[in-house]
Amino acid sequence: MVKVRLWGSLRQAADGRTEVEVEARTFKELLDRLGETYPGLAPQIARGVSLSLDGVIYREAWFTEIGPESEVVLMPYMTGG
Amino acid sequence: MSLDEYRKREFKQVGQRVRRPDGVDKVTGRAMYGADATAPGMLVGRILRSPHAHARIRGIDTSAAEALKGVKAVLTGADLPAQEDDFIRDVQDNCMARDKALYDGHAVAAVAAVDAATARAALKLIKVDYEVLPHVTDVDVAIKPGAPVVQKGRSLENVPAGMSENVTSHCEFGHGDPAAGFARADHVVERHFRTAATHQGYIEPHAALASVTSDGKAELWCCTQGQFFVRTLCAAIMGMEASQLRVTASEIGGGFGGKTTVFIEPVALALSRKAGRPVKIVMTRDEVFRATGPTVHTSTDVKIGMTKDGRITAAEAHLRYSGGAFPCGTVDMGAQAAFAAYDLEHVRTYGWNVLTNRPKEAAYRAPGAPQSIYAVESVVDELCQHFGLDPIDVRLKNAARKGTKSSYGPTFPDIGLIATLEAAKKHPHYSAPLQPGQGRGISCGFWFNFGGNSCVSLNINTDGTVGVTEGNPDIGGSRASISLMAAEELGIEYDRVRTIVADTSSLGYNDVTDGSRVTFAVGLATIKAAREAVRVMCGRAAKIWGIDAEAVEWKDGAAVPAGPNAGKFPPMSLAEIAAVSFETGGPIAGHHEVNVDGAGVSFGVHIVDVEVDKETGQTTVLRYTVFQDAGKAVHPSYVEGQMQGGAVQGIGWALNEEYIYGADGRLQNPGFLDYRVPVASDLPMIDTVILEIPNPGHPYGVRGVGETGIVPPLAAISNAVSRSAGIRLSELPMSPPRVLKALGG
Amino acid sequence: MRYLAATTAREAAEALAAEAGVTRVLAGGTDVLVQMKAGLVEPDLVVDIKKIPGIATITPEAGGFRIGAAVANAVLGEHEGVRALWPGVVEGANLIGSTQVQGRCTMAGNLCNASPAGDAAPGLVAANAVARIAGPEGERDCPVADIPAGPGKTTLKKGEVITSILLPARPARASDAYLRFIPRTEMDIAVASAAVSLELDADGTVKAARVVLGAVAPTVVVAEDAGRTLVGTKLDEATLAKMAKACEAVCKPIDDKRGTVAFRTKTAGTLAKRAALIAYARAGGAK
Amino acid sequence: MKSIPVSTTINGDACEFLCAPDETLLDALRNRLGLTGAKEGCGTGDCGACSVTLNGRLVCSCLVLGVEAEGAEITTIEGMADGDELHPLQRHFIDHAALQCGVCTPGILVAAKALLEKNPEPSDEEVRYWLAGNLCRCTGYDKIIRAVQAAAAEMRGA
């Protein structure tokens, strides 16, 4: 199981929790599981999210591998100037 | 993609201050910018813009304009297709209003005519039947229930019930229990801040030359930060296939985020398709200010608690951002960045995006971060003053470091904030004596930095020179830095490499030149492409020598037999291998296509000395020093240039730049006369200190440097003003009337 | 639009008088072309006066100088004689726009543009300068102070063109100064401004003073009381404070994107104080 | 609007063109003569990107009518280098990285050249005030000032 930290305003879509656990080995699996387990998260995931893995931010990268001890944080999809 | 681990190395090319390859063109006037191109039979396109901040368009009568001799096409929103996708529809509706004009300057119609005078005359003949609606241009007014609603039905599911329909999204970040943290503080400061919208202020107005032919093919020449994204947007709006639309990026006269989307490009294409001739549209400066993408304007509350020895116990911010008449997500980035420089047990940020009758926001260097960090760094400084603590010591005491759980969630890996603060503290500027009446301020700054999609094709020419093809417009010397990295990796001199920027038909997709990504991400793709070419060249040498390819290594620009074969054959240089490439299997090239992550966040610290004229409220910047981590400065001069340019844009933001709307909802200052960007005589030299703390996610340790520099000046100057004049301002810009008023004058 | 490069003042005046539509005189063009670009004015006739013989020259006259209407302010700034006699007038003229604009703009143009914030006008009014005007009925002289009638409006009649401005002679121990406030150091329109012209006695006492304020009313304002306050003093602090108050009293500014009523009023007084001190020092008064 | 023939000298070469009476010199240079080195950043004299010299005076070509060029001597950025040989200012701008996007560069070079012809040894402050009408949004001006001073020093030595 991978622990995923959500940002505060997603709490309402995840049964009031800001940290959830899902079974996933890659980002793609993680996003799919999150959307299935917490349908309230699906619209945000569809709009776009970034993921931080052990402190490094990734914007797409479905096949990034996640270890069981990895720190995973869901973040909004971001752009720069 | 796994991160490409940084390996320490001695650089031969990278780090040299070489001449940029486009330099001569740019100092002789030969470089071709957006407005400099022409096409046979070209028409002049011009756009009619709404004089109203908010109005329903009941009808547009274009018949008189169409009848005018010399007019070849007239366009309105009705000529463009309905769009399913919210994002594309917003972009399209911003380029050409459909049902409503949403801000002063919103495009409502366009013409293509044989010359500018005819086009101008035609615009006057277009009759728009407006029903003027109540408008709202201020974020604090628009957020209130009962305010005029800019667009209905745009709120996301995360907006709490009961708010104005103008609130389109809400976000919350952070951890811990701020209330508990505030209870442990010896002093808590809570302040309200406002920042005006600013504009990127690039000197080159938007320009586009479009040519659509009757077989459905199209060419588009325009000044943009990203020709591929322009193609994506324009193809969607025009209902074209990507392959049929070739977009060529001209030289670009500044962007800073403002040229990351489209405004006139689809209009030029649509006019060209309608007229059957090439159409060129060049914006006037007035149009640039009224109808391109300024920043959000903001209203913020920040609350921070501190112990008397300078430890922050809790921090909280409420951010209300408005990016104009369309939803935008900039507040999310502002909320995440607000407290990024601090190691906090209890922190929370809340953000709301609010619609107003202003132009659709575009990115501007570190979008969202300058505004929130200005408020945070102001309150931290006030706490330092309250306790009589040194502002750098307090920041060092609370600085985010490796292992800090960041205010936006992830735990920081190696970051350079402490090293940057320490460099600032020991710099002579920080201890230089001040004259009476002068004040010194500091501020930290932060930006995420991004990587993104990048394609590079690298060709080894038979004469031993190298051509690099990349897809990102060169906005500040990137051709030089890309060439340097290619030369470094190949082991040849910089002068042997020429880098060009390709059009959309010549290369795979490249993300926009934004997010401080090009030197980092395109550089990484360049290094990988070079390695691919090296692999091919080693293989050719191996064949020539009759040994295994694995037994050849690349050293100092040549293939060298290694292992058991070491010394058996003299090294073959790149030029020697290239010279026989036709005989050994054909042309040699390397290419690499990747979506790069691992950009590595960037911190900066600025020190500024100012003097406030207490009789007029005018602030003079006396001395300025920027400290920033570049990971590895590939071309130090252009790294310094990014730091200096960002700092000066921040100085302008702090002191004078602002969008001023009248009670009528119209922009009062759409020109460089009254939108006051800093001029040369306003400024001192901008000293720079580049720190090089390698980014583990890049083979040379490179980090993006483009954006962080605009973040610290806002608070640094406000903090310096406070120490010079004894007044703490909470609204930007700190224009002389505001300062004088705060002084009681 | 028609363009006429007149070769005599009479030709210019007659052409302007005869045109039924919108006319503009073109000297430096730094206001007219901006207004045309913005679509604020679409002239039917533009009369270029720069080809009129003598109109771009500076001539000594009766101890003063006659400045041709087409003398670019950069040229004015290079004239040692005018700079020595009326440094405040020259510094006002030289503050208009950029180096590039200085190469074209003229004092007469600044006057005719009739912006209350024009940088040349306060100094000229403080100097009691006199404009020479050519019209369809011949030539007349008019105090510069009487030319502006309000924002964008002058008292010039149809067909009239300013051909030169006379800066009068002045006694020894006399000088002037001009200061404006702008948010930046260059390139802005004055938010408030002040010109002060002083004549001193041998012992440094002010014998005559004229204080003129810009950007605080529809036209430049002669602050008569402020001037009177200075007479008979050596600009001690109390006098300057009183003079600043007298300046504030005549300000009737507006709130706009460039400044507030309060800011303009306060700053006009501050600038008058500072300009008075500069003029005083230039006139040889020792503090 | 009837076009007017104009005879002028540009960068030392005699030149004739037709232009409308309300057309700016900038538009004539760019659209009629193909001299696109001067840029229109504002059209109102606020940015200096269109700087040229007119009879030796630095001006914004957006604030000059094309017809005013009759009989005049104009120099533009295209005439600054001597054939292959860059002017010292041009060379130092490249060497000092005094340009990023480069769109303000032609105007700044023309203006800086006019300054050094008038004042071969300006102070930094004099350079800054002379160039105050040339907006640059990329560099923060630091490297521009340094490049002008380096060129000035070289030109004084030559």
Of all residues in the stretch B:463-481 being aliphatic (A, V, I, L, M) and outside any loop (DSSP other than H, G, I, E, B), which is farthest from B:VAL247 (Cα to Cα)?
B:VAL466
Residue in the stretch B:692-732 that is farthest from B:GLY368 (Cα to Cα), counting only those that are of a type in the set (Ser, Thr, Tyr) and touching a Lys or Arg at 6+ places or on another chain (Cβ under 6 Å)
B:TYR700
Hits in the stretch D:6-60 - residues which are closer than 19 Å to D:ALA112 by Cα and of a type in the set (Lys, Arg):
D:LYS39, D:ARG57
Residues to consider are B:GLY439, B:GLY445; find the one that is assigned by TED's automatic domain parsing to the domain that holds B:VAL721, at pLDDT 95 or above, crowded, with 21+ Cβ neighbours inside 10 Å and more than 28 Å from the chain's Cα centre (by Cα).
B:GLY439
Out of B:ASP393, B:ASP414, I need the residue that is among the acidic types (Asp, Glu) and in a loop (DSSP other than H, G, I, E, B). Which one?
B:ASP414
Of (1) in a strand (DSSP E or B); (2) in contact with a Gly (Cβ under 6 Å, 6 or more places away or on another chain); (3) not polar (S, T, N, Q), C:GLY204 fails just (1)
Please note which strands (runs of 3 or more DSSP E) are completely contained in chain A and include at least 1 residues that are over 22 Å from B:ASN449 (Cβ atoms) and under 11 Å from the mean Cα position of the chain (by Cα).
A:2-5, A:19-22
Flagged in the stretch D:7-21 as more than 13 Å from the chain's Cα centre (by Cα) and surrounded by fewer than 20 Cβ atoms within 10 Å (Cβ to Cβ), in numbering order, are D:SER7, D:THR9, D:GLY12, D:ASP13, D:ALA14, D:CYS15, D:GLU16, D:PHE17, D:LEU18, D:PRO21
Output the residues belonging to the stretch B:722-741 that are surrounded by fewer than 20 Cβ atoms within 10 Å (Cβ to Cβ) and either within 13 Å of chain C (Cβ to nearest Cβ) or touching a Pro at 6+ places or on another chain (Cβ under 7 Å) (or both).
B:ARG738, B:LYS741
Can you name the number of the only condition in (1) more than 12 Å from chain B (Cβ to nearest Cβ); (2) part of a helix (DSSP H, G or I); (3) of a type in the set (D, E, K, R) that D:GLU121 fails?
(2)
Please verify whether the stretch C:100-118 includes one or more residues that are in contact with a Lys or Arg (Cβ under 7 Å, 6 or more places away or on another chain), within 29 Å of D:ALA38 (Cβ to Cβ) and away from chain D (no Cβ under 11 Å).
no
One residue from D:GLY34, D:GLY43 being closer than 27 Å to B:ASP286 by Cβ, within 13 Å of chain B (Cβ to nearest Cβ), without any contact (Cβ under 8 Å) to a residue 12 or more places away in the chain and outside any helix (DSSP H, G or I)
D:GLY34
Over the stretch C:252-262, the set of residues without any contact (Cβ under 8 Å) to a residue 40 or more places away in the chain and either touching a strand residue (DSSP E or B) at 6+ places or on another chain (Cβ under 6 Å) or in a loop (DSSP other than H, G, I, E, B) (or both) is C:LYS252, C:ILE254, C:ASP255, C:LYS257, C:THR260
Could you tell me whether the stretch C:69-84 includes any residue that is among the acidic types (Asp, Glu) and surrounded by 22 or more Cβ atoms within 10 Å (Cβ to Cβ)?
no
Among the candidates B:TYR659, B:TYR675, residue that is crowded, with 24+ Cβ neighbours inside 10 Å, more than 8 Å from chain D (Cβ to nearest Cβ) and of a type in the set (Ser, Thr, Tyr)
B:TYR675
Could you check the stretch C:46-81 and list, in sequence order, the residues that are out of contact with any helix residue (DSSP H, G or I) (no Cβ under 6 Å at 6 or more places or on another chain), touching a residue at least 24 places away in the same chain (Cβ under 8 Å), closer than 15 Å to C:LEU166 by Cβ and away from every other protein chain (no Cβ under 14 Å)?
C:ILE55, C:ILE58, C:GLU61, C:ALA62, C:GLY63, C:GLY64, C:ARG66, C:ILE67, C:GLY68
Restricting to the stretch B:575-610, what's the tally of residues that are farther than 30 Å from B:LEU434 by Cβ, within 30 Å of the chain's Cα centre (by Cα) and among the acidic types (Asp, Glu)?
2
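So that you can scan it fast, the table gives a plain yes or no per residue for (1) closer than 29 Å to B:ASP85 by Cβ; (2) in contact with a helix residue (DSSP H, G or I) (Cβ under 6 Å, 6 or more places away or on another chain); (3) surrounded by 14 or more Cβ atoms within 10 Å (Cβ to Cβ):
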residue	(1), (2), (3)
A:GLU19	no, no, no
A:VAL22	yes, yes, yes
A:LEU41	yes, yes, yes
A:GLY48	yes, no, yes
A:ASP54	no, no, yes
A:GLU60	yes, no, yes
A:GLY67	no, no, no
A:PRO76	yes, yes, yes
A:GLY80	yes, no, yes
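The values are calculated or read from the model by the stated rules, or taken from the named source; none is laboratory data. Keep in mind the model is a prediction, meaning the values are calculated, not measured. Ideal geometry is used to build each Cβ from the backbone, glycine not excepted, and the neighbour counts take in all protein chains shown.
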